[in-house]
Amino acid sequence: MRLFGTNGIRGVVGQDLTLELAVDVGRAIATLWGPVTVAFGRDTRRSGPMIRAAVLSGLLACGARAIDLGILPTPALQYYVKERKLSGGVVVTASHNPPEWNGIKVVDGQGMEIPRAEEEKVEALVESRAFATPSWREFGDVSVATDGADMYVRGIAAKVDRAAIATRRPHVVVDPGHGAACGTTPFLLRDLGCRVTTIHAQPDGTFPGRRPEPTSANLEDLRTLVPSLGADVGIAHDGDADRAAVIDERGQFVDGDRLLALLAQEAVRRTPGLVVTPVSSSSCVEDVVRAGGGRVKYTKVGAPLVARAIYAEGAVFGGEENGGMIFPEHLFARDGGMTAARIVELLAVRGKPLSEMLALMPRYHLRKAGVPCPGDRRESVLARLAELAAGRRVDLTDGVKVYGEGGWVLLRPSGTEAILRIYAEGRTPEQADAMRALGESLVREALSE
Ligand code: MG
């Protein structure tokens with residue numbers, strides 16, 4: 001039984017994510033970890049209180065104790081677990097998914113999402129129902145703590161150049177999207193000395209102002225507001241605020257790969273070292289990191305894998321093009337609040353408009369396509385693709401990535417659909433088209449056999 005996706009358990013409440021499942025996941029975690037203390041948090045979703053009660057019920061029934069931190073960003077809970085040296089944590093959140101969804105993320109004692117092997121143990125316990133059955137004296141209990149968000153905000157504020165920010169006083173429009181960052185990012189940036197304007201900043205699980213995913217289309221209000229107020233930057237989060245999306249001073253949505261490159265460049269400028277990113281990331285990241293004297297390590301797609309590699313290799317920074325940035329000096333996890341703080345720090349320290357800094361990032365052209373591929377043929381098609389690509393420069397970290405003239409193409413099965421995804425990138429539009437064409441022809445040949 002597979003319950004965990006790339007970032008925890010997710011589903012429509014009452015259909016995929018039932019109360020019964022939430023109770024069982026709580027039981028499984030407590031059975032696996034024993035009578036330990038875990039931190040608990042959630043985002044602002046309407047189903048949050050209900051799923052909270054179910055997960056806590058399962059945890060306590062099998063002997064775990066919980067510290068309930070209430071509504072807070074996922075990275076704030078992760079930071080709390082790490083700083084308080086707890087055994088782990090659980091967050092009830094569906095991140096960027098629609099309002100009717102919810103989910104469960106499980107965090108280990110380092111504040112990282114548990115590895116796949118641990119997820120499999122939880123799944124096996126949910127399936128076998130071999131839960132711990134403590135005696136009545138050994139049931140767990142819940143205490144409430146209200147300092148989770150504050151601890152997170154103070155932790156970030158201690159790691160950025162406060163003096164530079166307070167001198168420059170960037171004007172920031174913050175759009176927490178009615179999610180978990182309503183109580184953190186606006187206060188963090190104000191405390192750092194920014195001028196802060198907010199929209200969609202009341203916690204509300206009906207998400208009246210915009211959808212929880214911080215895409216360009218969903219951030220129309222922010223894109224309009226930033227230039228009309230003459231602000232320096234707009235910062236938006238997804239529902240659980242582990243990600244940040246950025247609008248420049250002209251109201252332009254900043255592409256995730258360019259934001260990733262800018263922050264990677266800054267990280268390497270501070271400490272020349274290793275940057276970790278998935279194989280699907282744009283080469284503009286590697287270009288700026290190498291130019292700054294650093295190196296890049298590519299991982300499989302998925303933020304928890306990037307975080308683990310940063311931890312294992314002592315990297316200085318890592319992230320994904322969807323706005324999930326990881327700053328190991330603070331946390332081994334995607335961190336929307338730290339991303340916001342580093343961006344205002346960049347504005348203050350460099351003293352240049354964001355659009356100007358971004359214009360200096362190398363530009364690549366991206367092409368995406370998908371080819372139907374039955375789920376049961378995924379492995380054989382991938383093996384055949386690797387054979388067909390032999391003789392070229394190939395990276396088999398995740399799917400098959402083939403390098404060519406001025407670009408590359410990545411051929412990778414979708415995690416959720418019976419599709420083989422084709423991502424192609426080139427320095428020029430023609431090179432991007434050529435890489436996509438190469439990918440399509442390889443896939444056609446592999447599928448025809
Ligand atoms: Mg998220």
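The residues in region 329-362 that are buried (at least 22 other Cβ atoms within 10 Å of the Cβ) and farther than 18 Å from V288 by Cα can be counted, and the count is 15.
Consider L192 carefully, then state whether it is within 16 Å of the ligand (Cβ to nearest atom) and either crowded, with 24+ Cβ neighbours inside 10 Å or on the phi > 0 side of the Ramachandran plot (or both). So L192 fails the test.
Taking the criterion of being within 16 Å of the ligand (Cβ to nearest atom) and not basic (K, R), the residues of region 328-367 that qualify are L331, F332, A333, D335, G336, G337, M338, T339, A340. Taking region 3-94 and the strands (runs of 3 or more DSSP E) fully enclosed by it, the elements with 2 or more residues that are more than 21 Å from the chain's Cα centre (by Cα) are at 37-42, 65-71.
One line per residue, one yes/no per condition, for (1) within 13 Å of V443 (Cα to Cα); (2) in contact (Cβ under 8 Å) with a residue 60 or more places away in the chain; (3) within 29 Å of the chain's Cα centre (by Cα):
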{"site": "L388", "(1), (2), (3)": "yes, no, no"}
{"site": "G391", "(1), (2), (3)": "no, no, no"}
{"site": "V400", "(1), (2), (3)": "yes, no, yes"}
{"site": "V409", "(1), (2), (3)": "yes, no, yes"}
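Listed by first and then second residue, the pairs with beta-carbon distance under 6 Å, at least 6 apart or on different chains, first residue in region 90-109 and among the aromatic types (F, W, Y), second within 13 Å of the ligand (Cβ to nearest atom) and part of a loop (DSSP other than H, G, I, E, B), are W101/A94. Residues that are buried (at least 21 other Cβ atoms within 10 Å of the Cβ), within 16 Å of the ligand (Cβ to nearest atom) and either within 18 Å of P35 (Cα to Cα) or not charged (D, E, K, R) (or both) are absent from region 60-68 altogether. Evaluating V349 against the criteria (1) under 28 Å from G8 (Cα atoms); (2) of a type in the set (V, I, T); (3) in contact (Cβ under 8 Å) with a residue 40 or more places away in the chain leaves one unmet condition, (1). Please determine whether any residue of region 263-283 is within 16 Å of the ligand (Cβ to nearest atom), among the small types (G, A, S), under 24 Å from K352 (Cβ atoms) and surrounded by 24 or more Cβ atoms within 10 Å (Cβ to Cβ). For region 263-283, residues within 16 Å of the ligand (Cβ to nearest atom), among the small types (G, A, S), under 24 Å from K352 (Cβ atoms) and surrounded by 24 or more Cβ atoms within 10 Å (Cβ to Cβ): absent.
The listed residues are L77, L56, and the only one of them that is over 16 Å from D24 (Cα atoms) and buried (at least 21 other Cβ atoms within 10 Å of the Cβ) turns out to be L77. Restricting region 415-431 to residues that are closer than 18 Å to V443 by Cβ and among the charged types (D, E, K, R), the residue that is surrounded by the most Cβ atoms within 10 Å (Cβ to Cβ) is E425.
Among the residues of this structure, V275 does not count as one that is of a type in the set (A, V, I, L, M, F, W, C), within 26 Å of R195 (Cβ to Cβ) and outside any helix (DSSP H, G or I). Within region 20-37, does at least one residue satisfy the condition of being closer than 23 Å to D335 by Cβ and in contact with a Lys or Arg (Cβ under 8 Å, 6 or more places away or on another chain)? No, region 20-37 contains no residue that is closer than 23 Å to D335 by Cβ and in contact with a Lys or Arg (Cβ under 8 Å, 6 or more places away or on another chain). Scanning region 95-128 for residues that are part of a helix (DSSP H, G or I) and under 24 Å from P49 (Cβ atoms), we see that the one that is farthest from the ligand (Cβ to nearest atom) is V126. Filtering region 246-257 to residues that are touching a residue at least 60 places away in the same chain (Cβ under 8 Å) and in contact with a helix residue (DSSP H, G or I) (Cβ under 8 Å, 6 or more places away or on another chain) leaves V246, I247, D248, E249, R250, Q252, V254, D257.
No lab work stands behind these numbers, since they all come straight from the coordinates. Keep in mind that what you see is a predicted model, and the values were worked out from it rather than measured. Don't worry about glycine lacking a Cβ; one is built from the backbone with ideal geometry, like all the others, and counts go over all protein chains shown.
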